[in-house]
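Asks: I'd like to ask you about the structure that follows.
Computed from the coordinates by the stated procedures, all read-outs in this text should not be read as laboratory data. Note that this is a predicted model, so its numbers are computed, not measured. For neighbour counting, all protein chains shown are included, and Cβ atoms are generated from backbone atoms with ideal geometry for every residue, glycine included.
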């Protein structure tokens, strides 16, 4: 699944346009490489979003088969990594 669609489908971003803007501004990294919106996301990838004062890391657990998923099921698709887990 494309990175911009994945970020939106698993509720990391609220809208796909927001995901596209974040990717264009190079604040989204997949496996420590700045991602483009067409980059394919695979199971096991580490997605890092670098904000101004912090960053969030997510490990991809599975790829959704639908366009959107309920926010309550976000944990089935990504695992949020804590600061001490970020060396994975």
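Asks: Within the range 32-71, name every residue whose backbone N is under 17 Å away from a label modeled 7 Å from Cα of residue 24 along the Cβ vector.
Replies: 35-39
Asks: Something else about it: Which of 36, 14 has the fewest other C-beta atoms within 10 Å, and how do the rest follow up to the most?
Replies: Lowest to highest Cβ neighbour count: 14, 36.
Asks: Which distance in Å, rounded to a whole number, links the C-alpha centroids of the range 39-81 and the range 5-21?
Replies: The distance from the Cα centre of the range 39-81 to that of the range 5-21 comes to 10 Å.
Asks: Evaluate E = 1/(1 + (r/R0)^6) for residue 36 and residue 14, where r is the Cβ-Cβ distance and R0 equals 22 Å; express this FRET efficiency to the nearest 0.05.
Replies: After rounding to 0.05, the efficiency reads 0.60.
Asks: If contacts are Cα pairs under 8 angstrom and at least 6 residues apart, what is the relative contact order of the range 1-74 in percent?
Replies: Worked out over the range 1-74, it gives 34 percent.
Asks: Could you please rank 23, 81, placing first whichever residue has the fewest other Cβ atoms within 10 Å of its Cβ?
Replies: Least to most surrounded, the residues fall as 81, 23.
Asks: Further, regarding this structure: What value, in deg cm²/dmol to 500, does the helix sum -39500 (n - 2.57) over DSSP H runs of n ≥ 4 give at 222 nm once divided by the residues of the chain?
Replies: -5500 deg cm²/dmol
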